[in-house]
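> Take this structure first; my questions come after.
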Amino acid sequence: APVAQPPVQDRIIQTVKPHAVTPGARDQYGTRATMVGGVVHEPDGTPVPDALVTMLAPGGRQLLRTVTDRDGAYAATALPEEFVTIVLLAQGYAPAATRALPRQGHRLRQDFVAQPAIAPDHTAERAT
C-alpha cells in the first residue's frame, strides 16, 4: 500500500485570500505577515480604537474588513498587487479614504489622522 505523504506547504502554490492580521504578526515562516498596515489616531496623537477599516478592490469589491486595536493599529495581508482603496469609518469622526498599492514582500504603512465629525448646524432650520 502506498504511504500517505504530508501536504507540501509552498508559499508560491498556496492561494490565500486577503485577510486581517494582528499588527506585527509573523507568518508560519517567521517573516512579517503584514502587507498594508498603520495606525489611526487623532490630530494630537491619541489612538482611535475600534475604527472600521475596509479594503476595496479597484471595482469596489470588498477584500476585507477589520477594526483597529486598542493602540489604533490595523494590518492586512494577501492583498492583490493592484491599487486598493482603504476606507476608514469611526464613530464621532469624519470618514476617510485613500488608495494604496501593495507589493508582495514589502510592508506599506498607511496611517490615518481621524478628524472629529462636524455636527450639522440646524440653527438655520429652527429660525424659519
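> If the requirement is being at pLDDT 85 or above, touching a Lys or Arg at 6+ places or on another chain (Cβ under 6 Å), of a type outside the set (S, T, N, Q) and surrounded by fewer than 18 Cβ atoms within 10 Å (Cβ to Cβ), which of these qualifies: Pro58, Pro49, Pro95, Pro43?
Among Pro58, Pro49, Pro95, Pro43, only Pro49 is at pLDDT 85 or above, touching a Lys or Arg at 6+ places or on another chain (Cβ under 6 Å), of a type outside the set (S, T, N, Q) and surrounded by fewer than 18 Cβ atoms within 10 Å (Cβ to Cβ).
> Also, quick follow-up: Identify the single condition in (1) buried (at least 17 other Cβ atoms within 10 Å of the Cβ); (2) modelled with pLDDT of 95 or more that Ala78 does not satisfy, given that it satisfies every other one.
(2)
> Kindly provide the set of residues from region 54-91 that are more than 13 Å from the chain's Cα centre (by Cα) and of a type in the set (Lys, Arg), ordered by number.
Hits for region 54-91 are Arg61, Arg70.
> Sticking with this structure for a sec: Of everything in region 29-40 that's in contact with a strand residue (DSSP E or B) (Cβ under 8 Å, 6 or more places away or on another chain) and either assigned to a strand (DSSP E or B) or open to solvent by 50 Å² or more (accessible area, probe 1.4 Å) (or both), which residue is modelled with the lowest pLDDT?
Only one residue tops the list, namely Arg32.
The values are calculated or read from the model by the stated rules, or taken from the named source; none is laboratory data. A quick note: this is a predicted structure, and the numbers were derived from the prediction, not measured. Neighbour counts are summed over all protein chains in view; Cβ atoms, including those assigned to glycine, are modelled from backbone coordinates with ideal geometry. Just the protein is used for accessible areas: all its heavy atoms, side chains included, with ligands, DNA and RNA removed. Shrake-Rupley method; radii C 1.70, N 1.55, O 1.52, S 1.80 Å.
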